[in-house]
Every structure is written in structure tokens, then in C-alpha cells.
């Protein structure tokens, strides 16, 4: 990177700003900056002037925009303001950065040697490419055949394409890099220095990969290696989100190099976009640019089209989160870690090879066991086949037995039902005889009571016999009554005798029924 007094001043003040930004911590992860917290940090780092104005600027911005000041926005505006006003004191730079309502991007230009990176950088900051101008982004005299090749980093802060005639201020900080595949500057050394630069800048908004027709004509290992090494240096999972492909001399590709757009896009995909996807994690959009003034003499509309496409690129990446470059590990450390991983992988591979050999031996033994098992299975299969045939025969016999059993079961079931009906009839008769017996027992009891009364009356008559004898008149009168009573008694005794005979017959019949009920009926 070319050193001047202004550059040294910008670098020193930006380093101071970075220390302040590093001390700004948001515990809720929102990135919002509180005015008092910022003032305290400024005061601790030696900035004591203009603190009230800085606090007022934070509060005023929050009121005017309706959105809080964030660390990311302050970082972007500070980097722009430091480069715009490098001679201003830091307190004034902070105040202006907070107050400024501008768009600002850090754009990194990459690509192989002689692809037009410096021309694109110059066009981005001036709105045209003038190969005779040495004010911005000129190429040195080293590289292939000298001329047109950048040999060092150029970093500049400018309005986008001169920013003339636009309502909103748009600024860019452009980092123009030496080309890849330069025999004087190896990619490793180039990326090592680039990593140091962008770590100090802290963030990158946009990466522009510049390719020319020679990159699209065929896929080369040079571009593939360059992209892989660049991705290794950046240490990001997906660089494609912040990347665009710029095709220089785009107006000459069709039909000079390709007959139609379809053939051009197929070639671009194979030679550029596929290697980019492999290295950056995803594909990126491409833009056709015409930077040479000579092209505008033939097709004047190309100049306006190129500006529109560059403005489209700028607008697109304003909406995308910037790449954080602060956590990048140096390439030496990165390579050292990769070597350690490689050694560990070799050790693991050796162990896996030994395990594989053991597994093969085990597999051979297993195959032998398997063959023996297969033979055993074949014999078992034959045995099972014979057993199956025997089982089929047994099944037929069982089916016949089952049929016989079912028929026997039906017969037994019918017999059981018949027996159940007969049992129910016997039970009904038993109940009926029980009721008859109870009835006769009641009658016998009643006759006993009558006999008892008669006997009592006879005793009474015997007791009164003396009285009757002494009382002939009464005896004569009672003789008729006694005779009549005696006849009734004889009649009752005759009935009692008949009842006894009936009871004996019923008892004999009950015994016969009980003997029948206890017997087994066999059909």
C-alpha cells in the first residue's frame, strides 16, 4: 500500500477509532450504541473535547431518523469520515460521522493479472477510465511485460463514480489489489499482505471478481487456485453473498467470441462461476461492463449502461451484511493448523489402514464361516423340506381328527342339552313333590292337633264321668252327643289313617325319584 503523509494520518486515526469501537459492547446483541457509553469510552481513550456535541449528535440522529445508532453504522461512517477529513481532530470526526447520512461501502477488487482491476477501480471513483491519468489507481511497470499491471495495493476513498447529479451521497473505499498469477508476487505473499490490510479496515461490503474474455474461453487451473487461496485467506463460510463477477470488455464477447448469449453463459458457468461456487460456497451474479473509451465511440450507450450496472451492484450490496474481517487468522497460522490436521489425518489413515487389514482378515474368516453356514443351511433346508412334507401329512390327519372331534362334540353337546332339559324336568317335579309333601305334613300336623284336642276332651269326659253318673239326666242328654262325637272321631281317625297311607306312598315315590336323579344317562 502506497504511503503518504495523509495515509499515515488516516491510518493512525483509524487505529484510534478501532480501539474505541472495540470497547463498545452491547450485551443484548442489538448493536445499538448509547450516547453516554460512547462518551465515557471517548473520555477514557483521551478524547475530552466536544463531548457534549457528540452526545447531542447521537440523540439528534435518533430523533431525526427514528432509528438508533448502531455499531455497524458508526463503523462505516467513521471509516468514510476519517478518509474524507484526515486532518480533523478525532472528536470532530466522531461528531461528523454520527451526523452524516450517507451511503458508504468498502469494495475489494480481485482477479488475475491484467484483467482490468485498476481500470474498474478508476471507473468506480471517477465515472470513467483514463489510462493516461495518474491521479487514481494507476498500474506499475512490473509483471508480464510491464505496463497495465498493479504491483501494490491502492486504497482510496471517493464519491461513487464522482457522485455528480445525484440526490444522495454515495461513497466508496476501493481496495485495488495486485493480480494473481504474477511471477514477481506469489499469491501467498499477496494474500498475506492483503489480509493484514483488510483486518485493519475491519470490514468488506463487496468483493468484485474481475474477469476478461480470456478467463471465459476455457477453464484454467490458475483462476481456480487463485479463488481457492483467496477463500482460504478470507476464512468465511459463504463469500458468494458479498461477491459479484465483473466481465470487462463485455461488449466484445458476443458475437466476437461467442455466437449467442446461451453459449456465452455456458462458458462463463464452466470457466468462472463453477470454480467460484466451489471456493466461495455458492454462485454469484455476473455483470457485463465496458470500461474503454474507444468502445463508447462505436456504441455511446455502453458508457451509461456500465454506470447503471455499477450503481446496481452498489445498491444491491448496501442491503447485505458486511464481511467481518477482524477474526481472521494469519495465513501462517492457518497453514500450520492445516498441516497439523493433515498429520492427524495421515495418522488416522494409517490406523484406519491397519483396521482395514484386520477387518479383511476377519472378513475372510467370516466368509469361511459363512460358507460352512451356507452348507449347514442347505442341509437344514432339505431336512426342513422333508419335515414340511411330514407336517403336511400330519396336518391332513389332524384335519380328519378335528372333523371327528367336531362331530363328537356336536353329539355330546346335543346330549348335554337333552340332559339339561331332563334335569330341569326332575327339578320341577322335585319342587312339586316338595310342595305336596309340605302340604301333607301340614295336614298331618293339623290332624295331630285335632287328635290332641279329642284326647283332651276324652280326658275331660272321663273326669266328668262321675258327675255324669251322678247326674243321669245330664248323662242321658250327653250320650247322644258323645255317640255323635265318637262317630266323628272314628271318621277323623279313618281319614288320618288314609292320610298316613298317602304320605307313605309319596315318600316311596320321592325315594324312587331321588334314585333316578342321581343316576348317569349314557347314550
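The values are calculated or read from the model by the stated rules, or taken from the named source; none is laboratory data. Since this is a predicted model, take the numbers as computed values, not measurements. Cβ: placed from backbone, ideal geometry, glycine included. Neighbour counts: every protein chain shown.
For region 254-267, indicate whether the set of residues that are under 29 Å from residue 130 (Cα atoms), surrounded by 19 or more Cβ atoms within 10 Å (Cβ to Cβ) and out of contact with any strand residue (DSSP E or B) (no Cβ under 7 Å at 6 or more places or on another chain) is non-empty. Checked against the condition, which is being under 29 Å from residue 130 (Cα atoms), surrounded by 19 or more Cβ atoms within 10 Å (Cβ to Cβ) and out of contact with any strand residue (DSSP E or B) (no Cβ under 7 Å at 6 or more places or on another chain), region 254-267 yields at least one hit. Among the residues of region 163-179, write down those that are surrounded by 14 or more Cβ atoms within 10 Å (Cβ to Cβ) and either at pLDDT 80 or above or assigned to a loop (DSSP other than H, G, I, E, B) (or both). Scanning region 163-179 gives 169, 170, 171, 172, 173, 174, 175, 176, 177, 178, 179. So for region 32-43 (the condition being modelled with pLDDT of 85 or more and in the same structural domain as residue 303 (by TED's automatic domain parsing)), does at least one residue qualify? The answer is no, given that none of the residues of region 32-43 is modelled with pLDDT of 85 or more and in the same structural domain as residue 303 (by TED's automatic domain parsing). With respect to (1) farther than 21 Å from residue 202 by Cα; (2) touching a strand residue (DSSP E or B) at 6+ places or on another chain (Cβ under 9 Å); (3) surrounded by fewer than 19 Cβ atoms within 10 Å (Cβ to Cβ), the lone exception for residue 70 is condition (1). Every condition in (1) assigned to a helix (DSSP H, G or I); (2) modelled with pLDDT under 90 holds for residue 316 except the one numbered (2). Does residue 216 meet the test of being assigned to a helix (DSSP H, G or I) and surrounded by fewer than 20 Cβ atoms within 10 Å (Cβ to Cβ)? Criteria not met by residue 216.
Among the residues of region 76-91, which ones are surrounded by fewer than 19 Cβ atoms within 10 Å (Cβ to Cβ) and in a helix (DSSP H, G or I)?
Our first condition is that a residue be surrounded by fewer than 19 Cβ atoms within 10 Å (Cβ to Cβ); within region 76-91, this holds for 85, 87-89, 91.
Correct list: 91 only.
Yes/no matrix, rows are residues, columns are (1) touching a residue at least 24 places away in the same chain (Cβ under 8 Å); (2) farther than 27 Å from residue 162 by Cβ:
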{"site": "262", "(1), (2)": "no, yes"}
{"site": "265", "(1), (2)": "no, yes"}
{"site": "281", "(1), (2)": "yes, yes"}
{"site": "288", "(1), (2)": "yes, no"}
{"site": "311", "(1), (2)": "yes, no"}
{"site": "315", "(1), (2)": "no, no"}
{"site": "318", "(1), (2)": "yes, no"}
{"site": "341", "(1), (2)": "no, yes"}
{"site": "346", "(1), (2)": "no, yes"}
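Restricting region 424-435 to residues that are surrounded by 11 or more Cβ atoms within 10 Å (Cβ to Cβ) and without any contact (Cβ under 8 Å) to a residue 40 or more places away in the chain, the residue that is nearest to residue 501 (Cα to Cα) is 434. Against the numbered list (1) within 30 Å of residue 294 (Cβ to Cβ); (2) within 47 Å of the chain's Cα centre (by Cα); (3) crowded, with 23+ Cβ neighbours inside 10 Å, residue 122 comes up short only at (2). Against the condition part of a loop (DSSP other than H, G, I, E, B), within 14 Å of residue 17 (Cα to Cα) and not assigned by TED's automatic domain parsing to the domain that holds residue 209, how does residue 94 come out, does it pass? Against the criterion (part of a loop (DSSP other than H, G, I, E, B), within 14 Å of residue 17 (Cα to Cα) and not assigned by TED's automatic domain parsing to the domain that holds residue 209), residue 94 does not qualify.
Just one of the listed residues (303, 361, 371, 367) is in contact with a helix residue (DSSP H, G or I) (Cβ under 6 Å, 6 or more places away or on another chain) and over 29 Å from residue 230 (Cβ atoms), and it is 303.
Taking residue 435 as the residue in question, decide whether it is within 30 Å of residue 514 (Cα to Cα), in contact with a helix residue (DSSP H, G or I) (Cβ under 8 Å, 6 or more places away or on another chain) and in a helix (DSSP H, G or I).
no
Out of 454, 438, which single residue is at pLDDT 85 or above and surrounded by 11 or more Cβ atoms within 10 Å (Cβ to Cβ)? Selected residue: 454, the only one of 454, 438 that is at pLDDT 85 or above and surrounded by 11 or more Cβ atoms within 10 Å (Cβ to Cβ).
Only one of the listed residues (293, 321, 350) is at pLDDT 85 or above, surrounded by 10 or more Cβ atoms within 10 Å (Cβ to Cβ) and not assigned by TED's automatic domain parsing to the domain that holds residue 170. That residue is 350.
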